Amino acid sequence: MRFAFPSPIIRKATAVPDFSFELSQPGRIAGVDEAGRGPWAGPVVAGAAILNPDTLPQDLIDGLDDSKKLKAEKREALLVRLQASDAVLGMGIASVAEIDELNILQATMLAMKRAVADLAVVPDYALIDGNRVPDGLACGAEAVVKGDGRSLSIAAASIVAKVSRDRMMAELDRQYPGYGWVSNAGYGTKAHQEGLAQLGVTPEHRKSFAPIRKILSHADS
């Protein structure tokens, strides 16, 4: 049986992270966010999180926020606490090959869809950070602009995505030293650019991204 869901709602007001969005819908609500849309290398990773407003520890309520606002040590500690709580967490990855084949937007949507599918339970509704909702979700959903700073569930998902991707980039840094991925996470920093100039393009670089495409075109000429 196919289910028809209403067009996604997009809310744009700003607020601090709380359960307002979650409590506006019945059932199990999943927050979804991604990490790694902008880097020149590595996968894009999405996280999904279902939190229980009645049992979430106060330290998590106080500590969860947009992962970009938090230091790495704080993000790691929050993920450990989330994993020790009754939160239901999921993760989805879209590879470099998928990014190059689909484009980064569609690869991000794919990673988000996979993160929701990775949850141990099917949510009744999903809150998606940003202004787009992935196609093919098994539940209704809405886009929440700047949601990682407004919804505790999306903030938790942002922690899952960011910490998971940083760990992946640290491993890739060991495989391909010289680009600074352990610290720059694949973004186009000076160290990354110097690595490209000295060592060239690796299989983990996004060849559809303009800076990498430019290097490859010069190498072929």
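Throughout, read-outs are computed from the coordinates displayed, never taken from laboratory work. Being a predicted model, the structure only gives us computed values, none of them experimental. Reconstructed Cβ throughout: ideal geometry from the backbone, glycine too, with neighbour counts over all protein chains shown.
Figures for the structure shown
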quantity	calculated
Between 0 and 90°, nearest 10: helix 190-199 axis offset from the chain longest Cα axis	50 degrees
Amide H partners (placed H, <5 Å) of ASP18, local residues excluded	SER151, LEU152
Cut-off under 5 Å, modelled amide H: who pairs with VAL145 long-range	ARG11, GLY130
Acute angle (nearest 10 degrees) that the helix 210-220 long axis makes with the longest principal axis of the chain, alpha-carbon atoms	30 degrees
ALA117-ARG174 pseudo-label distance in nm [points 7 Å out on the Cα-to-Cβ vector]	2.9 nm
Among 98-105, 177-184, 151-158, 28-35, the order from most to least packed when residues are scored by Cβ within 10 Å on average	151-158, 28-35, 177-184, 98-105
Pairwise centroid distance, computed over Cα atoms, of the stretch 96-122 with the stretch 149-177, Å	15 Å
Cα-based Kirkwood hydrodynamic radius, the stretch 113-189, one decimal, Å	14.2 Å
Chain lengthening between GLU101 and VAL182 when straightened (0.36 nm per residue, less Cα-Cα)	26.6 nm
Centroid-to-centroid separation of the stretch 38-58 and the stretch 187-211 [C-alpha atoms, Å]	27 Å
Cα pair distances of the stretch 10-162 binned at 10 Å [whole percent]	13, 46, 34, 7, 0
Distance-filtered residues of the stretch 82-124 - backbone nitrogen under 17 Å, label point 7 angstrom along ASP62 Cα→Cβ	82
Computed [θ] at 222 nm, deg cm²/dmol, the chain (DSSP H ≥ 4; -39,500 (n - 2.57); rounded to nearest 500)	-12500 deg cm²/dmol
Calculated from backbone phi, Karplus (6.51, -1.76, 1.60) coupling profile of the stretch 31-43 in Hz, x at Gly/Pro	x, 9, 8, 10, 9, x, 6, x, x, 8, 9, x, x
